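The values are calculated or read from the model by the stated rules, or taken from the named source; none is laboratory data. Everything numeric in this text was worked out from a predicted model, so none of it was measured. Note: ideal-geometry Cβ built from the backbone for every residue, glycine included; neighbour counts use all protein chains shown. Just so you know, the surface numbers come from the protein's heavy atoms only, side chains and all, with ligands and any DNA or RNA stripped out. Shrake-Rupley method; radii C 1.70, N 1.55, O 1.52, S 1.80 Å.
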Amino acid sequence: MPEFIHARDVDAGTLLFQEGDRGDDAFIIEEGLIEISIQSEGERKLIAALGPGEIFGEMALIANTPRSASALARERTRLLVVRRGRLTKPIENADPVMRLMIQMIVERLTDASRSLSGTNEMVPQAMQEARRQAFEEVRDIALRRVQIERELRRAVETPQFELHYQPIISMADSTIAGYEALMRWNDPQKGQVSPGNFIGLAEETGMIVEMGRWALQKALADHAAMVPVWQRSWPDRPIPFVSINVSSGQLIEPGEIERLSAIIEDSGVSPDQIKLEVTESLMIHDPEAAVDALTELKGLGVSIAIDDFGTGYSSLSYLHRFPIDTLKVDQSFVFNMLNDTTSGRLVRSIIHMAHDLDLTTVAEGIETQEHFDHLRDYGCTLAQGFLMARPWPRFDIEAMLETGCSW
Ligand code: C2E
Ligand code: CA
Ligand code: CA
């Protein structure tokens, strides 16, 4: 049986779900009898009685909407449960056109099975109307996503993307230790779009996979060009690292780690100059997959940073399971650390704990000298923020690296 399906036996009288419940599973009946009913005008109305081979709760696999009916086992029933969270790629994140088509097929099958069992006339007008509205909503979302996906695809092909680089400074001596590559989108119509407005959509549509490949390749090519410039100017200083953001969506895409590894190898950049920044999300939702993915990347010799640390509520106690080198303290804690004692304590304890685990710490979003001084006193290793430098286009950062690079 595939990993996303498991068998479950329920006794007569078991309520599997009711209206308003979160829908996470779909069910296939192997043996037994399930009644589907809805509450209407103060009474419960039966809308279907389903037997072996029939499917119910299937909308949960397609749309993240609450249950619109109840399902009750009339007799002892054996079910196969299909868990949305276990699908390799949730249908919600699948190609929007595919999702729309699956939804249409499910709607049609549901209607067909209801009219076959003669229960269609029992579906009240209001429910049919609600289903039509839900369907139109999904269709609109799908169409919008198709459009954004098309725009992002064009942007990768042209390319309309660009990388800016923000210096990361050593707190001990205020010299440059590395720089982070941050994506910018120069849209011909909208002008420069900031990542806050497109990375989330790129993740939802899956376009982040191609964009992430592009960013890694470009950042490493830029870095390879920078190394000789640096060595000429600063022969005695260590070469700064280049930090690149990698989304969870890239790590779970089958075969993607091999592709990213090939990009790293082909770049000729020494892996000890490369840092990959990942967020906590994969570690929380699928720790096993995260350990595997990070171990594979780490095997190349690159270092791994956890970005936005502290926002994902991941447990500090299991950090040691992941092969990481660096924690980046999220900027929201840095912003608030001086006027909110909880944030201040949190920043301090994250830094101390990281020290105990031999991890490097980077504080992000440092805008004032006061923040810088406090963080240095807490023992933070590296600093990133507008106080030192904003993200700059490649040629500006190259000029900065060539001439002055201490703060
Ligand atoms: P991030 O990885 O946490 O990057 C740091 C963000 O904080 C950047 O925003 C940077 O410009 C901003 N920042 C740095 N110092 C300061 C400061 O002192 N004050 C303030 N207010 N902001 C500061 P940006 O460039 O808009 O990027 C936003 C997010 O988009 C990034 O957050 C990252 O999550 C995502 N992103 C950017 N480029 C990529 C990429 O190539 N791949 C992926 N997967 N995500 C990316
Ligand atoms: Ca980052
Ligand atoms: Ca961050």
Worksheet entry | Any hit, segment 354-368, residues being in contact (Cβ under 8 Å) with a residue 60 or more places away in the chain, surrounded by fewer than 20 Cβ atoms within 10 Å (Cβ to Cβ) and away from ligand 2 (no atom under 15 Å from the Cβ) | no
Worksheet entry | Scope segment 161-198; condition among the β-branched types (Val, Ile, Thr), surrounded by fewer than 17 Cβ atoms within 10 Å (Cβ to Cβ) and within 16 Å of ligand 2 (Cβ to nearest atom); matching residues | none
Practice prompt. Look at segment 229-260 and say how many of its residues are more than 16 Å from ligand 2 (Cβ to nearest atom), under 15 Å from the mean Cα position of the chain (by Cα) and of a type outside the set (Asp, Glu).
Written response: 1
Response to the item:
Residue pairs qualifying under the 7 Å Cβ cut-off, at least six apart or on distinct chains, with the first in segment 379-391 being modelled with pLDDT of 95 or more and the second being among the charged types (D, E, K, R) and in a loop (DSSP other than H, G, I, E, B), are GLN384/GLU364; GLY385/GLU364; GLY385/GLU367; PHE386/GLU367; LEU387/GLU367
Item to complete: Considering only residues that are open to solvent by less than 30 Å² (accessible area, probe 1.4 Å) and either more than 20 Å from ASP11 (Cβ to Cβ) or in contact with a Pro (Cβ under 8 Å, 6 or more places away or on another chain) (or both), look in segment 68-82 and name the one that is modelled with the lowest pLDDT.
Response: VAL82
Worksheet item: Out of all the residues in segment 300-318, is one or more touching a Lys or Arg at 6+ places or on another chain (Cβ under 8 Å), surrounded by 15 or more Cβ atoms within 10 Å (Cβ to Cβ) and at positive phi?
Response: yes
Practice prompt. Please identify the pairs in which a residue from segment 313-337 that is closer than 15 Å to ILE284 by Cα has its Cβ atom under 6 Å from the Cβ atom of a residue that is more than 13 Å from ligand 1 (Cβ to nearest atom) and modelled with pLDDT under 90, counting only partners at least 6 apart or on another chain.
Written response: SER314/MET283; SER314/ILE284
Practice prompt. Might you check whether a residue that is away from ligand 3 (no atom under 15 Å from the Cβ), over 24 Å from GLN273 (Cβ atoms) and in the same structural domain as ILE169 (by TED's automatic domain parsing) occurs anywhere in segment 297-314?
Written response: yes
Item to complete: Go through (1) over 30 Å from SER233 (Cβ atoms); (2) open to solvent by less than 20 Å² (accessible area, probe 1.4 Å); (3) of a type in the set (S, T, N, Q) one by one and return the number of the condition SER349 breaks.
Response: (2)
Worksheet item: When you look at VAL227, is it under 21 Å from PRO393 (Cβ atoms) and either touching a His at 6+ places or on another chain (Cβ under 8 Å) or outside the structural domain of MET183 (by TED's automatic domain parsing) (or both), yes or no?
Response: no
Worksheet, complete the sentence: Counting only residues that are charged (D, E, K, R) and assigned to a helix (DSSP H, G or I), segment 207-255 contains a total of 5
